[in-house]
Structures are given as structure tokens and as C-alpha cells.
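The values are calculated or read from the model by the stated rules, or taken from the named source; none is laboratory data. It should be emphasised that the depicted structure is a prediction, and the values quoted were computed from it without experimental measurement. Glycine gets a Cβ as well: all are built from the backbone with ideal geometry, and neighbour counts include every protein chain shown. Keep in mind that these areas ignore ligands, DNA and RNA; they rest on the heavy atoms of the full protein, side chains included. Shrake-Rupley method; radii C 1.70, N 1.55, O 1.52, S 1.80 Å.
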Amino acid sequence: MLRVNTSNFVPKYISGRWVWNEEKEKFLFDCRKEASKEAKKDEFMMTNGFNFSTTLNQVHELIYRQEFQRPLISYDYDFITTQDVQNLVAFLAPSTLLTKSLVEFINTETVASFLKALIIYFQYFLQVVEFILIQRDEITGEKAILLNAENPDMQRAFSAHLQQYRLLVAREYSHIILGEGDTKKFYHIKPIVNISRSSFDDSFHEAFLAYCTQVVWITLHRCAYDVIDMEMNRLFRSEHFKLTKYPRYQFTKPEAQTLYGPNYKLCNYRTQNSPLIQELTKVDKRNLPILYIGKQKYRGNDLRIMQIELEYIVDSAQLSLIGFNLGILGHPKRLYNTLLRLDWEAVRKNNFSATYDPFGIFRQPHLEIPSLDEEKLRQYSETYDSLYEVKRGNEVWSPSMIRKWKKRDKIVKYFEAEGVISDVWVKCIKEVADTSDGPSVEGIVKKFLDEKAKLRKGKQRNRIA
């Protein structure tokens, strides 16, 4: 039997708020039924053909917080980690997406490492796209300005950084498509018979891609969904098989070269490889140590490799200790609601401001201008043989939690039908309407005596043993 934790009974009232009425000189409850009707229009978001919920009603919020949220005894519970975002996306996902195979797949350490690299890449990609769009507005219109002479060098530096982050994502993605390590059981080719499960692999890939899109979008403060969806489709499908077109983000050849790098080649769809695999076919010698980040400790004097390694191997709950902001990861959980949306009222109550901003909430993520001769200096860097292996501690679901996720819909229906989880208002209504008699006095006494006899027999057996 699933037990109810009374500390999770929030909110305790029907959707609305308490306001002070000056005429009656008392607090009155302002219901928001009409506002909730309008909000129902935006309850779902379509991603790769899957409808993800964007809201939670009171009952579902209580069920999620009691049964599926990261427990209090977990590591760094007070801070938001990648596991928190994964839990939320899995709960908001439709039943057609959250299959038993996908639940086991996203619980692997390989997928956890892949999501960390993907989030790092997309944060930098969004910053470079914003830089390009701002620059496009500056050189056009009535108040157009001339570009700086150093602008081409700056764009080449941005392109090099994007290529390095893409290489890290490509390495993790290659482990998945090759079925290495803990993802071997999900490989699309059956052992012995060597027959590919094409239909299963196709639907599985679409579901996983939609799941990754939602994880990245929520982690990055739910910003620029169109850009994330566009680049996600390009990385894993190429231009030939993109599901959605975004005319606003039609980049020119110089802009596309900055964003996609020199390795991106568009050819006939029969021989087209995904851009991530193209990054692995031609790796610069100075970028080779990136393929070992997270596996072996880097020994050398290349500052760029050291920076990427630090961003990747540091736990998501402790990123503020190295001065690196990665979306909402590492932020105090008390500043966010159940849907991981920032609560500005909680931010003000905790006295965060522009002068005291350890988590980069007021100071929005910005694009740091790299050294223009950084890539030239990297040619003179030296890399030595590694002496230590590195093991990242990815937090995964326990076996009991996996069983819960596989039965998510059944658990939700059970609580909705039985009414075990309900707010104070609903509980009072049920108790007032209940006219049934409770157990008789004889029945209570008999139950007590039976339990007492069992305890005495147990004590006697322990003494004899």
C-alpha cells in the first residue's frame, strides 16, 4: 500500500489566492476558475509528434511530489540536478512515449553523460545564435554600423568552441548508437540472428529525441524552443529529414559556417550522415584529448581542454563552485516551483540581487569573447600521457523507482480513483458527507488482542532461539 506524506499537501486550497477586502475588513478567497479555463488552451506542447503537458493540476502535483520526485535522502537534494529535470519530463510525457524500454534506457549512465554534454552544447549554441541575430540587426536598417575588423576572428573563435562541444556530444552519441556499455541491450540489431528491428528503433529514436528536447528546453529556463528544436533536428537528422522549418532562422553561408563548423557537409540523402557523426570522421589533432574527457584525467597545458573538462566532470549540483552557470542546474530548489519555473518572489525573499548573485539569476548568461589568438596558441600546447582514470558519479533511479515509472499511469489512476491524495478542502467534504458507521467496539478490542498475542508469541520465539 502506498502511504501518503502529509508534508506534500500543497497547495491546500482550490486554485486561487487570499486577498484583503477593505470593505468587509477580512481576508477572502479569490478563486481562479475562469483563469484556469483560459489556461487549458496551452496545456500541451507538441514535440516530434508527442504532446507533453505544460501544467499540473493539484492532484497530479501532489502525486508527483509524493511518488516521483527525488527523495529527501538523495544526494544534494536542496539543489536542482539533471535527475530533477528528467523526473519532471518523464512525468509530463505522454503514455505513448514513456514505454518500459525508454524508462530503462534513460536510466543508464551513458544517457546521463550524453544529456550533460548536450545541455552544455546547447547553452553555448543559443548564446552564439543570439550574438549573430543581434549583429544582423546592427548592420541593417537606418542606423546600420560597420563591423569591427576583428569580427571575423571572433566568429572563428566561436565556431571553434562550438565544434569542440559538438565533438563531446558526438562521442557520447556514438556510444549509444553502437550499443556499448549499459546501452547494449537496446541495440537495434538482435544478437545471433543479426536482424535489425527497424520499426522499433525508429519509434524509439523519435521518443528519445523528443525527451532530450524537453530536458534541454526546461534546463535552459524554457528559452528559445524553436532554436533548440531546429538544431536538435539538424544534429540527429540532417537538413534532409527536418520535421519543422523555421523561416526566421535562415542563416547565411558565413553565419551557418560559424554555427555548424567546417565539417558539416550536405550531400545526397542516401549517403548523408548526421552532423554528429561527421564531427568524428575528421578530428583535429589538438582536439583529440576531448575524446578522453570524463574517461581519463587530462595532463597538459591546453587551457581550453582544461576548461571543457572542468565543465563536464563537475557535478551539476556544484557548478556554482567553479563559477559556471548551466541553465537551472545547481540552483537552490527553494527558488523554483514544482514545474521548475523560477519564483521571483522566493528570489526576493532570499535577498538575491545584482550584487549578491552566486547562481547567476540576475546576471543573465552572457557570451564571453574568447582570445582571438586562442587557436593559434593551442598549436604549441603539449599533451602528456594520462596516469589516472576518471569515473563520473551519475545518479540513476533505484530498481523500485524504475518499477514506479513503468506503472506511472496506473499509480496516477489509483490515486485519482481512491482519493488517497487530496487537499484539505476535498477531505473535509468527504468526511462531512460520509454517513457510514465506523468499526464496532468489539471489533477494535478483538483486533488489539490479536496483535498483542502475535507480539507475545514473537518474543517467546526469540527467547527460545
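Some points to look at:
- Shown for segment 46-410: the carbon plus sulfur share of the solvent-accessible area, taken with all protein chains present and a 1.4 angstrom probe, equals 54%.
- Nearest 10 degrees, 0 to 90: helix 408-418 Cα axis against the chain principal axis: 30
- Per-residue ellipticity at 222 nm from helix content only, as computed over the chain with -39500 (n - 2.57) for each DSSP H run of at least four residues, stands at -14500 deg cm²/dmol.
- Environment charge at residue 386 (Cβ cut-off 12 Å; Lys +1, Arg +1, Asp -1, Glu -1): 0
- Gyration tensor over alpha-carbon atoms, segment 182-239, equivalent ellipsoid semi-axes in Å: 29, 13, 8
- Per residue accessible area of segment 300-445, 1.4 Å probe, in Å²: 65
- Accessible surface of residue 65 - all protein chains present, 1.4 Å probe, nearest 10 Å²: 70
- Potential lengthening of the chain between residue 51 and residue 355 amounts to 105.4 nm, from the contour at 0.36 nm per residue minus the alpha-carbon distance.
- Less than 5 angstrom separates the built amide H of residue 296 from those of 390, all sequence-distant by 5 or more or on a different chain.
- Rounded to the nearest 10 degrees, the angle from helix 82-92 to the longest Cα principal axis of the chain is 60 degrees.
- Largest accessible area first, the listed residues 437, 373 line up as 437, 373 when surface is computed with a 1.4 Å probe on the assembled protein chains.
- Computed P(r) (all Cα pairs; the chain; 20 Å bins; percent): 19, 48, 25, 7, 1
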